[in-house]
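First the structure, in the form of structure tokens, and then the observations on it.
The values are calculated or read from the model by the stated rules, or taken from the named source; none is laboratory data. None of the values given here were measured: they were computed from a predicted structure. Neighbour counts are summed over all protein chains in view; Cβ atoms, including those assigned to glycine, are modelled from backbone coordinates with ideal geometry.
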Amino acid sequence: MRARISTFIAIVQSVLLLVHLALYGTWTFFLEPLDSFHRSALRFALAVLSVSFVTASLLSRLYSNWVVRVVYSISAMWLGFVNFFFLAACACWVIYLAPAAFGIYLPRMPLGIAIFGLALLIGAYSIINAARTRVTRFSIKLPNLPPSWRGRTAALVSDLHLGHMRNRGFLRRIVKMLVRLQPDILFIPGDLFDGTEIDVARLAEPWAEFSAPFGAYFVTGNHEQFSSPDQYLDAVRRSGIRVLENEKILLDGLQIVGVHYLDSTHVDHFRSILKNANVDPGVASILLIHTPDRMPVAAEQGISLQLSGHTHRGQFFPFTMIVRRIYGKFAYGLNQLENLWVYTSSGAGTWGPPMRLGTNPEIVLIRFD
């Protein structure tokens, strides 16, 4: 496991170094020529920034203080801008080289300023967009739904990623939105926490301001598994939220099943958990599971509705395309596999860069018809 993590970190860091090298070459070509001092300063700044996010991420797993939080926040924000700057660099070369092939040479500096200025504006808009949590509503008719559940609503809140970037203030705002929505039940399918070193108990305190008639229910995501999940589970329980431990419960006739992230990663183990839960296919059921990638198993076990998160819908381009490629139609929204309905949320928070472009952070409100 450690070897795989080390390899992954090395790959990510290598990619970031290459991206920053590409930015250096593009900026020195398209923008005003720099003297040797300013070139050296630019090289040094980009070298530091290229290793900032990986370094800050590793430090955030070990320490919780204002210095680490500031460094992590700056590096995460820079990582998002680097994405748009790299796309801008690619656009600069394409726009410049295409007419150059016919002997037409566009002025480099105005071209660079225009495209990189646009990238800067897009990055700024993405930060603003990621801070505006929307409410997504849909209605669903589940076969064999107990009559008492018709007309009731459930809230789905996934992937808050509470930690150094999203803190108590963010959670308090989410809780206030939930209080206004007044759902009958709340589902949290993982990544409530980001996995960084934080005061978990204090961070989870705002949950005490929320209650629902049928309670709130939680299963872990992959970020709660970065270290021992016990600290997160203890904080969740103290907040009045019930942790579903690979089990089924009955709520006024409705079956609720929750499976933790690690226990859902292997098909056979996941199948055995659902079999042991004794899900009655003749009664409506809801499955909480973090990732939308075990639908055939859930369908064969008679689950009616699966609620997941994890994908963030990619947050911003080009990751929106990558996520769509991996998860297909189940990357986001309400979709169906045989008799199984699946809703994958884009999440209420963000991971890494606090940015969203082409995706929105959301609280999902589900009405049972």
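List of remarks:
- Options Ser239, Ser264, Ser285; residue that is out of contact with any helix residue (DSSP H, G or I) (no Cβ under 6 Å at 6 or more places or on another chain) and not aliphatic (A, V, I, L, M): Ser285
- The residues of the stretch 77-94 that are loosely packed, with under 15 Cβ neighbours inside 10 Å and of a type in the set (Val, Ile, Thr) amount to a single one, Val94.
- Of the residues Arg313, Arg271, Arg294, the single one that is of a type in the set (Lys, Arg) and under 21 Å from Arg134 (Cα atoms) is Arg313.
- Where Leu192 falls short, out of the listed (1) out of contact with any Ser or Thr (no Cβ under 6 Å at 6 or more places or on another chain); (2) of a type in the set (A, V, I, L, M, F, W, C); (3) in contact (Cβ under 8 Å) with a residue 60 or more places away in the chain: (3)
- Hey, Ala22 assigned to a helix (DSSP H, G or I), surrounded by 13 or more Cβ atoms within 10 Å (Cβ to Cβ), small (Gly, Ala, Ser) and touching a residue at least 40 places away in the same chain (Cβ under 8 Å) or not: yes
- Count of the stretch 222-249 residues, restricted to those that are assigned to a loop (DSSP other than H, G, I, E, B), on the phi < 0 side of the Ramachandran plot and either at pLDDT below 95 or surrounded by fewer than 19 Cβ atoms within 10 Å (Cβ to Cβ) (or both), is 6.
The rows are residues; the columns are (1) more than 23 Å from Leu31 (Cβ to Cβ); (2) over 28 Å from the mean Cα position of the chain (by Cα).
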site	(1), (2)
Leu106	no, yes
Met109	no, yes
Ala124	no, no
Ala131	yes, no
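- Residue satisfying all of: in the stretch 29-56; hydroxyl-bearing (Ser, Thr, Tyr) and without any contact (Cβ under 8 Å) to a residue 24 or more places away in the chain; farthest from Val71 (Cα to Cα) among these: Ser36
- Of all residues in the stretch 145-188 being in contact (Cβ under 8 Å) with a residue 40 or more places away in the chain and out of contact with any strand residue (DSSP E or B) (no Cβ under 9 Å at 6 or more places or on another chain), the one that is nearest to Ala284 (Cα to Cα): Arg173
- Residue list for the stretch 167-194, filter: crowded, with 22+ Cβ neighbours inside 10 Å and either on the phi > 0 side of the Ramachandran plot or assigned to a strand (DSSP E or B) (or both): Ile185, Leu186, Phe187, Ile188, Pro189, Gly190, Asp191, Phe193
- Checked against the criterion of being charged (D, E, K, R), over 20 Å from the mean Cα position of the chain (by Cα) and either under 22 Å from Val82 (Cβ atoms) or assigned to a loop (DSSP other than H, G, I, E, B) (or both), the stretch 305-324 has no qualifying residue.
- Once the stretch 286-336 is narrowed to residues that are basic (Lys, Arg) and buried (at least 20 other Cβ atoms within 10 Å of the Cβ), the residue that is farthest from Ser126 (Cα to Cα) is Arg294.
- The set of residues from the stretch 36-72 being touching an Asp or Glu at 6+ places or on another chain (Cβ under 6 Å) and assigned to a helix (DSSP H, G or I) is empty.
- Residues in the stretch 42-58 that are surrounded by 20 or more Cβ atoms within 10 Å (Cβ to Cβ), of a type outside the set (Ser, Thr, Tyr) and either under 21 Å from Asp199 (Cβ atoms) or more than 19 Å from the chain's Cα centre (by Cα) (or both): Ala56 only.
- Of all residues in the stretch 330-345 being in contact (Cβ under 8 Å) with a residue 40 or more places away in the chain and not in a strand (DSSP E or B), the one that is nearest to Trp78 (Cα to Cα): Ser345
- Candidate set from the stretch 253-302 (those that are basic (Lys, Arg) and not in a loop (DSSP other than H, G, I, E, B)); member that is nearest to the chain's Cα centre (by Cα): Arg271
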